[in-house]
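**Student:** Attaching a single structure in structure tokens format; questions to follow.
Values in this text are rule-based calculations from the coordinates and carry no lab data. Being a predicted model, the structure only gives us computed values, none of them experimental. As a convention, Cβ positions derive from the backbone with ideal geometry for all residues, glycine included, and neighbour counts pool all protein chains shown.
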Amino acid sequence: MAALPAFGGLLPFPTLSFQFLGLLTAILFVGGYLVRRALLPKPIPGVPYRKANAEKLLGNGLEMLAWKKEHGEMFGYLAKMAVELNAPIFQIFVHPFGKPWVVIADNRESNDIMARRTSRDFDRSRFLGDLLSSLSPEFHFHMPTGERWKSHRKLLADTMSPAFLSEVAGPQMWKSTMKAIELWQVKERLAEGRPFSITEDLRKAAYEIIWTATFGFETGAMKVQSDLLSSLPKFENLPHIDQAVDFPAATDPPIFKAGLALNDALQGGIQSLVPRLHLFLAYNAVPSLRAARSLKNRVIEGEIKKAIEKFSTKTDVKWEDQNNLRRYMKSAMDMVIARELQSARKEGRAPEPLSRIIQDELFSFMLAGNEVYTLVVWTLKFLTAHQDVQARLRQELHDQLKQALETGATPTASEIGAAKLPYFDAVMEESLRCGEITQTNIRTTQRDVIILGHHVPKDTEVLMLNNGPGVFLPPLHVDEGLRSETSRGAVDKIGEWDLKGMRDFDPSRWLVEDDQEQISFNPSAGPRHSFGAGPRGCFGRKWAMLEVRIMVVLIIWKFRLEEIPEPLGSFKPKPGLAHRPEMAFVRLTAL
Ligand code: HEM
């Protein structure tokens, strides 16, 4: 009985607890429903999207990751969605708590946004600030368009002048490329007809080239590798003729290693949900990156001090006089420092050659220059896979650089820069297109805007596809009345591709023939946004195209890129910051 009261005491509990549990369940259910609803993507009214994705907490996120896993890149998913939705404008949901991103799959409208609707309606994407502000806070790439951005670009303006490019940067690019060629001559001899990977060599060569042209001295990365391989005897036990040879790698010079490490760390930011915080912690807390940053700062400061010493007494620099430039300037840094000292003298202010601004802007040439490497890698792959294109390209070089051919000399930087090479230009443009070097361009809306008849709110990220309808797939129909006025006015400015063979690598799509059967390169033959467009288009485009020209011409002049077996010739991209191939092999014959 003693248990009774206890039992009796417990009796009401189950009654209460059922009610309580019922209530709790209801609260949890309703609460859960409300929280879920709050977390679900919030579509922008009127802009097309796939309904199923708006009902998932992660929106399109998991599908995009699955696509990336299968295809090695992510933006093909967006091209596929444009076709599936049959919509030249649509939205996707990328971040669990973030706003939708709007995607444009129409080249004329994209061009209009970048070229004519900057910066009142659209401006530099904020995402780029998240990525770059820890490493290079004063790099103008990520700044909104305005006075600060303008003054930074002005500081560097001389580095893109024809005089500087032909007299200073070009010869530096040529010298560094020849170092890479010497390395490949050694490799070609050791490989005895077998293929080998060029990914690392090209990455380092492009980095060395841009470093030398920016700072005026070589880091020595190419040389240490050549020295190591030259010292090796003939290779015993070479693999089968179709299998790749691996070469030992020399240790990179410390400053070279530091620059690459700082650059590669950006990759982590791209993949992070909180890129700004991620990169701030990486650069400030990871000991190897902290050390890399302080070494980079020390070296750049040291070089700037040398330039100050050189230019503080020189007051007779004539900026447009090529001889004068050739005499004084060895690099982009010389140019920037000399200009800063001169401007300060003129304006009666103290010069600031060691400012963070100058250091960041100069170092950031290195970051931007990475894309040059990507373009060269894709180009060499296309030329290997399309032997007919390679033969026609070499023929054009031999025809146009006759003097070098007849004397057995290597064409100089200025000969290469000045040669009229329409087929070469077409090959480059087609490599940019088919290598999908710039898969999308991106802008942020600055106020509520109308795109193709749809209302898009302020602060929306707008992605413009370069890999979808109109480029590799038939264009989607757009009612002319829905276009902006300026877009309607640009109707005949850019050509459209024949639907047949849109996906094929075919440089001749960029060529036109006149009545006298003269071939010329037509940059407006079809959509072309690899360097962006408008005021925020690529600042270094002329530099990039000169560097690529010097590299590719010298490689094709010195080597034949022989066919390689299928597995090594794969065109599958590798997941990463840029659209790069998973592998790049060549089988070289020295010419
Ligand atoms: C094949 C090589 C290259 C490609 C494909 C490329 C592509 C691009 C693209 C797509 C943009 C953004 C354009 C836009 O949003 O409208 C850009 C911006 C920029 N690029 Fe390049 N680039 C290359 C090489 C270079 C080089 C070699 C340099 C410097 C030496 C450079 C410096 C810059 C800078 C400073 C910006 C930012 C411009 C601004 O915001 O005002 N780029 N580039």
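**Student:** Which pairs, out of 179/402; 330/402; 69/257; 420/493; 381/574; 175/330, put more than 18 Å between their alpha-carbon atoms?
**Tutor:** On the way: 179/402 24 Å; 330/402 29 Å; 69/257 29 Å; 420/493 24 Å; 381/574 14 Å; 175/330 12 Å.
Going by Cα-Cα distance, 179/402; 330/402; 69/257; 420/493 fall outside the 18 Å limit.
**Student:** What's the magnitude of the charge dipole for the chain around its Cα centre, counting Lys and Arg as +1 and Asp and Glu as -1 at the beta-carbon? Answer in Debye, nearest 20.
**Tutor:** On the way: 74 positive and 70 negative charges, 397 e Å.
The dipole magnitude comes to about 1900 debye.
**Student:** Moving on. Restricting to the chain, what percent of DSSP beta bridges are antiparallel, rounded to 5? Working shown, then result.
**Tutor:** On the way: 26 of 31 bridges.
Expressed as a percentage, antiparallel bridges in the chain total about 85.
**Student:** Residues with amide H under 5 Å of residue 449's amide H, sequence separation 5 or more or different chain, H placed in the peptide plane at 1.01 Å from N; which?
**Tutor:** Distant-sequence amide H within range of residue 449: 456, 458.
**Student:** Pop out the ³J(HN,Hα) list for the stretch 395-402 in order, Karplus 6.51 cos²θ - 1.76 cosθ + 1.60 with θ = phi - 60°, rounded to Hz; leave Gly and Pro as x.
**Tutor:** After applying 6.51 cos²θ - 1.76 cosθ + 1.60, I find 4, 4, 4, 5, 5, 8, 10, 4 Hz.
**Student:** Can you show me the helix-derived [θ] at 222 nm for the chain, built from DSSP H runs with n ≥ 4 at -39,500 (n - 2.57) apiece and divided by the number of residues, rounded to the nearest 500.
**Tutor:** Working: 24 runs with 305 residues, N = 591.
One gets -16500 deg cm²/dmol as the mean residue ellipticity at 222 nm.
**Student:** Between Rg and the Kirkwood Rh of the stretch 330-469, both from Cα atoms, what is the Rg to Rh ratio?
**Tutor:** Details: Rg = 22.4 Å, Rh = 19.9 Å.
So for the stretch 330-469, dividing Rg by the Kirkwood Rh gives 1.12.
**Student:** Suppose we take every Cα in the stretch 454-591 and form the convex hull; what volume per residue is that in Å³? Present the calculation step by step, with values, prior to reporting the outcome.
**Tutor:** Working: hull volume 28.3 nm³, N = 138.
With only Cα atoms used, the stretch 454-591 gives 205 Å³ per residue.
**Student:** Return the loop-located GluC sites (Glu not before Pro) in the stretch 186-262 (DSSP other than H, G, I, E, B) with at most 14 other Cβ atoms within 10 Å of their own Cβ; answer none if there are none.
**Tutor:** Numbers: sites: 188, 192, 200, 208, 218, 236; in loops: 192, 218, 236.
Answer by residue number: 192, 236.
**Student:** Determine the shape class of the stretch 198-354: with a ≥ b ≥ c the square roots of the Cα gyration tensor eigenvalues, call it rounded for a/c under 1.5, and otherwise prolate if a/b is greater than b/c, oblate otherwise. Display every interim value, and only then the final one.
**Tutor:** Numbers: a/c = 2.87, a/b = 1.50, b/c = 1.92.
It comes out oblate by the Cα gyration axes.
**Student:** Can you give me the angle between helix 75-85 and the longest principal axis of the chain, using Cα atoms only, in degrees from 0 to 90, rounded to the nearest 10?
**Tutor:** 60
**Student:** Also: Spelling out what I want: for every residue of the stretch 494-509, take phi, set θ = phi - 60°, compute 6.51 cos²θ - 1.76 cosθ + 1.60 (Karplus), and round to whole Hz; glycine and proline get x.
**Tutor:** Per-residue couplings from phi come out as 10, x, 10, 7, 4, 5, 6, x, 4, 7, 6, 7, 8, x, 5, 5 Hz.
**Student:** To continue, here is another question. Taking only Cα atoms, what is the 0 to 90° angle, nearest 10, from helix 332-347's long axis to the longest principal axis of the chain?
**Tutor:** Relative to the chain, helix 332-347 is tipped by roughly 90 degrees.
**Student:** Quantify how much of the Cα-Cα distance distribution of the chain extends past 32 Å, in percent. All intermediate terms of the calculation are to be shown ahead of the outcome.
**Tutor:** Numbers: 94028 of 174345 pairs.
When every Cα pair of the chain is considered, 54 percent fall beyond 32 Å.
**Student:** As an exercise, take the mean of 1/r over every pair of distinct alpha carbons in the stretch 511-591, invert it, and state the Kirkwood radius in angstroms. Write down the numbers at each step before the final one.
**Tutor:** Working: mean 1/r = 0.0610 Å⁻¹.
This gives a value of 16.4 Å.
**Student:** Continuing with this model, one more query. How large is the translational diffusion coefficient of the stretch 102-177 in µm² per second when you combine the Kirkwood radius over alpha carbon pairs with Stokes-Einstein at 20 °C and 1.002 mPa s?
**Tutor:** Working: Rh = 15.2 Å.
Result for D is 141 µm²/s.
**Student:** Separate question: Report ³J(HN,Hα) in whole Hz for each residue of the stretch 577-588, in order, from the Karplus equation J = 6.51 cos²θ - 1.76 cosθ + 1.60 where θ = phi - 60°; Gly and Pro get x.
**Tutor:** Computed from phi, the couplings for the stretch 577-588 are 4, 10, 7, 10, x, 5, 9, 9, 10, 10, 10, 9 Hz.
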